[in-house]
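Chemist: Got a structure for you, questions after.
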Amino acid sequence: MSLATAIEVPAQPYPFELRTAHCALLIIDMQRDFLEPGGFGEMLGNDVSQLRRTIAPNRALLAAWRKAGLLAIHTREGHRPDLSDLPQSKKVRGRSQTCIGDAGPMGRILIRGEPGQDIIPELYPLANEPVIDKPGKGAFYATDLQLILQQHGITQLVVTGVTTEVCVNSTVREANDRGYECLVPEDCVGSYFPQFQTMGLQMIQAQGGIFGWVGHSSHLIGAISAG
Ligand code: TIU
């Protein structure tokens, strides 16, 4: 697809020039332990409803993305069962009684292969959609995400998922430094903390789009469905 075929999608701080053939949907960490009542997130005292409101918009966007035949990639935060990729600093952070790797409400907390670490059924990846298991907050750190994007000729990312100020922001910043243009649909990202949702989005699009663009899934769905 040439530069001439870009579709203008309304966004802040100015319209995003979407090139569908070079744009992937990157859904960050929509995992049961973060989103489901009774999971690790709620166990820590967080209000999971703040994240659950993103499920329906993500479902609609993913459905439209699949229908248009575009690339969708999913990530999961988690560690190897032997904890060999878990820094001690991350394990003990928060001084919580329950740490990553311990028994949690849905299996060992944030361990690959455990039920709680998996993606919620509403957004479960198809067999042909890459799933990136990441040990950090950013999706590029210690993963093969960049290699996969290069193989597909991807230069733009629509980044959704949770949480806005942690893994979504970390990933957008990593992507921006690597030359990717990122659009974040605000209804498809969530934070346990409303003030962080607001500021996390402002931080992306401030200063002329210092890290990227902020938009809405309805405009994206309109753009890819018309194309
Ligand atoms: N995925 C992600 O954001 N992981 C976190 O640990 N987020 C928090 O907000 N704690």
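Just so it is clear, none of the values below were taken in a lab; they were calculated from the coordinates. None of the values given here were measured: they were computed from a predicted structure. Note that each Cβ is placed from the backbone with ideal geometry, even for glycine, and that neighbours are counted across all protein chains shown.
Chemist: What's the exposure ranking of LEU26, LEU147, LEU70, going from fewest to most Cβ atoms within 10 Å?
Modeler: Listing LEU26, LEU147, LEU70 from fewest to most nearby Cβ atoms yields LEU147, LEU70, LEU26.
Chemist: Right, something else. What residues of the range 1-42 lie in the reach of a label at ALA226, counting those whose backbone N is under 17 Å from a point 7 Å from the Cα along Cα→Cβ?
Modeler: Zone members listed by number: 4-12, 15-21.
Chemist: Once every DSSP H run of n ≥ 4 in the chain is given -39500 (n - 2.57) and the sum is divided by its residues, what mean residue ellipticity at 222 nm do you get, rounded to the nearest 500 deg cm²/dmol? If you can, show how the numbers build up before the last one.
Modeler: Values: 9 runs with 72 residues, N = 227.
Taken over the chain, the calculation gives -8500 deg cm²/dmol.
Chemist: Next question, about the same structure. Give me the number: length gained by fully extending ASP82 to GLN207, i.e. 0.36 nm times residue separation minus the C-alpha to C-alpha distance, one decimal in nm.
Modeler: Details: separation 125, 0.36 × 125 = 45.00 nm, distance 4.31 nm.
Going from the current span to full extension adds 40.7 nm.
Chemist: Sequence gap at least 6, Cα distance under 8 Å: using those rules, report the relative contact order of the chain to the nearest whole percent.
Modeler: Values: 448 pairs, mean separation 60.8, N = 227.
Relative CO of the chain lands at 27 percent.
Chemist: How far, in nm, would the chain grow between GLN97 and MET43 when pulled straight, counting 0.36 nm per residue and subtracting the alpha carbon separation? Spell out each step's value before the answer.
Modeler: Values: separation 54, 0.36 × 54 = 19.44 nm, distance 1.11 nm.
In short, 18.3 nm is gained.
Chemist: Report the FRET efficiency, 1/(1 + (r/R0)^6), for ALA6 and PHE193, where r is their Cβ-Cβ distance and R0 is 30 Å, rounded to 0.05.
Modeler: On the way: r = 35 Å, r/R0 = 1.17.
About 0.30, to the nearest 0.05.
Chemist: So how far, in whole Å, is the C-alpha centre of the range 169-225 from the one of the range 44-92?
Modeler: 15 Å
Chemist: Taking a cut-off of 30 Å between Cα atoms, list the lysines near LYS90, but don't count ones fewer than 8 places away on the same chain.
Modeler: Answer for LYS90, where 30 Å is the Cα cut-off: LYS134, LYS137, listed by chain and number.
Chemist: Rg over Rh of the range 40-152, using C-alpha atoms and the Kirkwood radius, what does it come to? Each step should come with its number before you reach the end.
Modeler: Details: Rg = 15.5 Å, Rh = 15.7 Å.
Over the Cα atoms of the range 40-152, Rg/Rh equals 0.99.
Chemist: Next up: Percent antiparallel among DSSP beta bridges with both residues in the range 6-225, to the nearest 5?
Modeler: Details: 7 of 30 bridges.
Percentage antiparallel, nearest 5: 25.
Chemist: Restricting everything to alpha-carbon atoms, can you work out Rg to Rh for the range 144-197 with a Kirkwood hydrodynamic radius? Show your work: numbers first, answer last.
Modeler: Numbers: Rg = 11.9 Å, Rh = 11.7 Å.
Result: Rg/Rh = 1.02.
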